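One structure below.
The values are calculated or read from the model by the stated rules, or taken from the named source; none is laboratory data. Since this is a predicted model, take the numbers as computed values, not measurements. Ideal geometry is used to build each Cβ from the backbone, glycine not excepted, and the neighbour counts take in all protein chains shown. Note: accessible area is taken over every heavy atom of the protein model, side chains too, but ligands, DNA and RNA are not part of it. Shrake-Rupley method; radii C 1.70, N 1.55, O 1.52, S 1.80 Å.
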Amino acid sequence: MSGLYLNYCFCSLSDSDTDVYSVNYIDQEQLLNLRKENKDICFYRSGNAIYFWSFDGKDPTLAESLSAIKVSINPTEYPSIVSKMLENRIYDLLKVTDSYDLYYEKYSHNLVAKKNSPIYKDDALNIYKCAKVSTYFFCQEDHIYFGFSVSSNLDYSFNWSKKDFARHKIDCGGLYENKNGKVAANTRALTRYKEASGLSHKLDRIKSDAENKPQQFSFTKKVIAWLQKGLIGTLYGNIEVKECINNYFPYENVFENEIIAAPKKYYANDQVISGLPSAALEKAGPYTAVSNNTVRTITLVASKEYEGMLNVFTKQLATKIKKLFRIDLQYKYSWVEKETIHSFGEAILPLNSKNSDLVIFIVKRDYRYMKPEESPYYHCKAKLIGQEVPTQCICIETIKHINDFIMGNISLNIYAKLGGTAWGIEKKDTTKRELIIGIGSTVNYNNQQIISLANVFDNSGVYLAGACNPIVEIEKYPEELEKLISELFETLLIGETDVHLIFHIYKSVGKNREIRALEKVLERYKHINISYAFVHLNYGHNFRVYFNDGKNDLRKGQYIRLNALESLMIVNDKSPIPLRISIDKRSNFKDIYYISQQAFFFSHLSERSFMPSKKPITILYPSIMAHLIEKLKIVEKWDYDKLRVKGVTEKLWFL
């Protein structure tokens, strides 16, 4: 048995001075041209300067022609430049291996070594095994630590263009092509391809084998051990790599770790009950009721051929919801002859919030992969939102093979859409009024980034939609974020003198967007004491955590403090990929433990399932909302402003 392991290797460097050159940074075009025209020189931007040095360690002849200044650097004063030198050294070691192709991941400095020969190949798709290496430095008690992480993953690439997808009857809306004219192999494209081609089982098996944790651990250790040997010696100029260390926990003075306990869950009358939420709900009832009226009318829209199965299903559903949430259901049926937009559209014409509290659509699984403009479900959901009626889509295949767990999750979804809250979570009482603002994103059918910033929560996890704008284009994002923050002070924060705002964001914080939006609001509310934190929550990093060499699951709540502003948190105990939590240094509230604990707590609030969510709902809900709205916008004559109606904003209609 071995202990906790992080895939990070410390590199001890000599604190020696060495010379590089610098010129003033003008713009991105200048930097790109320098790199394009001088392949033997490394150009690295830091602030308002571009630093450069030759890959071979010799003085670049370019320095004189650019009127560059010679700069003496060392690991303590210029850690980002030295970390880039470490990255270059790792690249040099890997490029001598003939069996791998090297490239840098888009939008990151992750170096990918891709195996030359694919582990799977067909006419459309190639799959390769890769090693991913990423350098990382941090400061702890005035000491700079350097190192790198190694992980294994798969690289997917398509041989087909969007026209090829269309020719094979695969929806290519929302997909985009790379510079080679081939479809980019993102999650959306891969899902459509494997479903349409009938290869789901085969490709999922390949992915499952690649995610075998003991094999991942063994591969990671081997690559790190190989790099450890090669890195010892000269890094660049006078700077040397003296030692490389990769151990199991604990480490002395760095990378503190502990288990953060799951939050207490509150049910009816603020009762705290441990154990499974489903059992607690049966015992105590939900945290908040939907209303005093305990009878809810559910309308089912389905093909008449499913009548027998639906009689069984509706009986089971009514029993489950009564047991969990203390409400009674009564059903109405609207049968359709054909599962088409026209038939479903005719069926919902008489429905409104006065005669239906919720509408359930029963469709075939294939319908979920139809283009939104051809889908009966999206057409009807768009129309019924205008009537303030939430909807639930259930595949007939699910009903055929339903079990108690699935029935429980369906019941939970319905209860949330009716306006109820199944449970609240433990909150830490503070002297400040605290709100958490979740900001997520999606990509629309034209490959444009769309941002959702509609989700506001108090620190017990109660959803406070208010008058927030649910979706904006990225160009309007700063303006809309400023408006959102202002509206909070004019509605939810009236009369408060001490306010704490925590922003959970899907991306790194930008000075010209999030920071500027908040600064403008702070100017208007100088009389209020406002503390704030911008927090980037993401899984798009290279850290991996294993226990017992990957043979055992991790513990949920495993917390690893990387430094004063960053941590790793295990939310999904089955996966070695932790949630990375990063506080922007421009925040004035920087308690990394408090914020990490809060993010972990919010992963226990998803009303999509009784199981804890992989992502905190603060970024999960906005992303789901943005993705769904982009599909609804395609529906003809859909009224986007209906989302601002109180009867819609107060419910989790988008789950």
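Pick out, from 224, 393, 510, the residue whose Cα sits farthest towards the positive end of the charge dipole of the chain, with +1 on the Cβ of Lys and Arg and -1 on the Cβ of Asp and Glu. Checking the options against the dipole of the chain, the answer is 393.
Remark: the residue 586-residue 259 segment gains 114.9 nm on full extension, using 0.36 nm per residue and subtracting the alpha carbon distance.
FRET efficiency for the pair residue 164 and residue 309, taken as 1/(1 + (r/R0)^6) with r the Cβ-Cβ distance and R0 = 25 Å, rounds to 0.05. Against the criterion of solvent-accessible heavy-atom surface with a 1.4 angstrom probe, 266, 107, 21 sort, most first, into 107, 266, 21. Only protein heavy atoms count here; on that basis, with a 1.4 Å probe, residue 322 has an accessible area of about 90 Å².
For residue 315, a cut-off of 28 angstrom between C-alpha atoms picks up these lysines, skipping any fewer than 8 places away in its own chain: 283, 304, 323, 332, 338, 354, 364, 381, 383, 400, 417, 651.
Ligands, DNA and RNA left out, the 1.4 Å accessible surface of segment 304-412 is 49% carbon and sulfur atoms.
Spin-label model, residue 209/residue 15: points 7 Å from Cα along the beta carbon direction are separated by 5.1 nm. What the Cβ-Cβ distance of residue 475 and residue 282 gives, at R0 = 45 Å and to the nearest 0.05, is a FRET efficiency of 0.35. Element breakdown for segment 57-127 at a 1.4 angstrom probe: carbon and sulfur atoms account for 49% of the accessible area. Taking label positions 7 Å along the Cα-Cβ direction at both residue 64 and residue 36, the computed distance is 2.7 nm, reported to one decimal. Reachable lysines from residue 590, Cα under 19 Å, same-chain residues fewer than 8 places away excluded? Excluding near neighbours in sequence, the set is 427, 428, 432, 507, 511. Relative to the Cα centre, the charge distribution of segment 102-221, modelled as +1 at Lys and Arg Cβ and -1 at Asp and Glu Cβ, gives a dipole magnitude of about 500 debye. The accessible area of residue 154, taken with all protein chains in place and a 1.4 Å probe, comes to roughly 30 Å². What separates the Cα centres of segment 253-304 and segment 160-237 is a distance of 37 Å. Gyration tensor analysis over the Cα atoms of the chain returns equivalent ellipsoid semi-axes of 46, 30, 25 Å (largest first, whole Å).
Projecting the Cα positions of 359, 349, 380 onto the charge dipole of segment 297-389 (unit charges on Cβ atoms of Lys, Arg, Asp and Glu, taken about the Cα centre) puts 359 furthest along the positive direction.
Magnitude of the charge dipole for segment 361-408, about its Cα centre and with charges confined to Cβ atoms of Lys, Arg (+1) and Asp, Glu (-1), is about 80 debye. In terms of its C-alpha gyration tensor, segment 286-359 has an oblate overall shape, because the principal axis ratio a/c (a ≥ b ≥ c, square roots of the eigenvalues) is not below 1.5 and a/b does not outweigh b/c.
Within the accessible surface of segment 149-258, defined with a 1.4 Å probe on protein heavy atoms only, the carbon and sulfur portion equals 47 percent. Distance from the alpha carbon centroid of segment 86-144 to that of segment 332-383 works out to 47 angstrom. In plain terms, the chain from residue 271 to residue 593 could stretch by 113.3 nm, reckoned as 0.36 nm per residue minus the Cα-Cα distance. Heavy atoms of the protein chains alone define the surface here; on that basis the chain has 46 Å² accessible area per residue at 1.4 Å probe size. Taking all Cα pairs closer than 8 Å and separated by 6 or more residues, the relative contact order of the chain comes to 14 percent.
Taking all protein chains together, 71, 535 sort by accessible area into 71, 535, largest first [probe 1.4 Å]. A simple spin-label model places pseudo-atoms 7 Å from Cα toward Cβ; at residue 180 and residue 373 they are separated by 3.1 nm. Note on exposure: 377, 104 ranked by accessible area (1.4 Å probe, complete protein assembly) read 104, 377, with the most exposed listed first. In this calculation the C-beta distance from residue 122 to residue 101 is compared with R0 = 22 Å, giving a FRET efficiency of 0.60. For segment 194-289, averaging the sequence separation of C-alpha pairs within contact (under 8 Å, six or more residues apart) and dividing by the residue count gives a relative contact order of 12 percent. For segment 320-413, the relative contact order comes to 31 percent (Cα pairs under 8 Å, sequence separation of at least 6).
Computed about the Cα centre, the dipole magnitude for the chain is approximately 1920 debye when only Lys and Arg (+1) and Asp and Glu (-1) carry charge, each at its Cβ. Farthest towards the positive end of the charge dipole of the chain, among the residues 554, 495, 525, is the Cα of 554, using unit charges on the Cβ of Lys, Arg, Asp and Glu.
In the complete set of protein chains, residue-level accessible area for residue 22 is approximately 20 Å², probe 1.4 angstrom.
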